[in-house]
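Following: one structure in structure tokens, then a few remarks.
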Amino acid sequence: MDRLAEVCDRVAASNSRLRKVSTLARYFRELGDKDLERAISFLIGRPVVREHSAKLSMGWAALRDAGLAAMPWDDETFRLCMHETGDAGEAIGLLLRNTPGSEPLSLEGAEELFVRLLLALNTRHKVEILTDAFRRYKSIRRRERQFFPEARMSSA
């Protein structure tokens with residue numbers, strides 16, 4: 001997942017369609033069949049395999065609560081970061097940047113995380129799962145924004 005986030009950053013930074021295709025093709029060739037399926041699923045916005053057809057329903061408040069539980073920032077700092085970015089995932093990624101989480105997140109690990117979130121019984125349980133993930137895995141700023149698109153908030 002860390003590698004996929006890096007590839008997505010490189011694709012986003014390029015203006016050349018050929019360079020974007022080349023970057024993705026090179027990455028896809030590095031993957032085994034199962035990770036290729038996972039990577040494509042994440043890229044098309046369907047991050048969980050077929051056996052789980054439910055949608056992940058989680059709002060920005062759950063992301064905020066998990067982020068605040070995992071990081072040493074107060075509500076006001078989070079609010080200001082949200083105001084500047086307009087995006088809960090981006091704000092969390094920025095604020096988590098220097099926290100101690102150090103484990104890399106594999107595509108398989110990300111898929112397992114999404115399955116756990118899908119099977120969570122309520123929002124409180126989802127917040128607990130996310131808090132653990134935010135504490136455990138190293139932060140790559142774009143990861144949260146890219147793979148939690150429903151957490152976007154309009155800057156009204």
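About its Cα centre, the dipole of segment 2-43 is roughly 260 debye, where the only charges are +1 on Lys and Arg Cβ and -1 on Asp and Glu Cβ.
Listed peptides 84-92, 10-18, 22-30 appear in the order 84-92, 22-30, 10-18 once ranked by packing, highest mean of other Cβ atoms within 10 Å at the front. In segment 1-81 the Cα-Cα distances spread across 10 Å bins starting at 0 as 14, 31, 30, 23, 2 percent of all pairs.
Where a number appears in this text, it was derived from the coordinates with a stated rule and is not lab data. For clarity, every value in this text was computed on a predicted model and none was experimentally measured. Every residue, glycine as well, gets a Cβ built from its backbone with ideal geometry; the counts of neighbours run over all protein chains shown.
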